[in-house]
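Below is one structure, written out as structure tokens; comments come after it.
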Amino acid sequence: MNKIRLLSLMLVAVICLSIMPPIAYADSQQEPVAVTLSMYSNLSEKNSISGLYRDNVFYITVDDLCQISGAELIASDNKNITLSLSRGWRHLEVSIDGGDVMKEVMHSDSYYITMPVIVKDETVYLSAIDFLHYIGATYNLNKDAKVQFKVAVGYNIFDAIGDVADKGHFFWWDEIDFGKKSVEDVLLNAGVVALIKQRFKYF
């Protein structure tokens, strides 16, 4: 009797598995959908941006990404594109031949992160949010908002290094209020504040 029950259960399981619809894995099967979003960027005058949407990821072209992030395209071929940030103090190499990897080349080592990429009609699209998050930008993506995509790129330590290389100082003399503190303390404070502060109008 137990053998008959076990055989019945196995038969039911086989029937259920055979009539279940196949699971659709969206990673490679779902086609990207073209979308256009209203936008704001503190580095660009663009008020709209077009791209591709797939698997809850918003992809934009390299040119658009450079406009809203301050990056510069310095090299590209069939396998990689190389972007420069902060006056050349940062170099990011993105694999476009199926690797979905971005490498930041540093002085003594390299740092790797996942960077979703789509190549369609010979145009390269990168994940906007993944890239902006990595470089420390402020962003907001809300399809129901009046301004659907907002991006603000702030001043960071790499920009400060570039300023030092270009200008030779971190502050303007007329910004310093010496008061009763020592000259050394005031100059140090002014330099540190200027490293991390830049006048931007964030949303």
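When 37, 17 are screened for being aliphatic (A, V, I, L, M) and at pLDDT below 50, only 17 passes. Can we say residue 65 is assigned to a helix (DSSP H, G or I) and aliphatic (A, V, I, L, M)? For residue 65, the condition - assigned to a helix (DSSP H, G or I) and aliphatic (A, V, I, L, M) - is met. Candidates are the residues of the stretch 50-70 that are of a type in the set (A, V, I, L, M, F, W, C) and in contact (Cβ under 8 Å) with a residue 24 or more places away in the chain; the one that is farthest from residue 32 (Cα to Cα) is 68.
A quick yes/no check of all residues on (1) modelled with pLDDT of 95 or more; (2) under 21 Å from the mean Cα position of the chain (by Cα); (3) outside the structural domain of residue 48 (by TED's automatic domain parsing):
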site	(1), (2), (3)
105	no, yes, no
110	no, yes, no
117	yes, yes, no
120	no, yes, no
135	no, yes, no
161	no, no, yes
165	no, no, yes
174	no, no, yes
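Residue pairs whose Cβ atoms lie under 6 Å apart, sitting 6 or more positions apart in sequence or on different chains, and linking a residue in the stretch 124-144 that is touching a residue at least 40 places away in the same chain (Cβ under 8 Å) to a partner that is part of a loop (DSSP other than H, G, I, E, B) and of a type outside the set (A, V, I, L, M, F, W, C), are 127/116. Scanning the stretch 78-127 for residues that are out of contact with any strand residue (DSSP E or B) (no Cβ under 7 Å at 6 or more places or on another chain) and aromatic (Phe, Trp, Tyr) turns up just one, 89.
The values are calculated or read from the model by the stated rules, or taken from the named source; none is laboratory data. Quantities reported herein were computed from a predicted structural model and do not represent experimental measurements. Cβ sites come from the backbone with ideal geometry, for glycine too, and all protein chains shown count toward neighbours.
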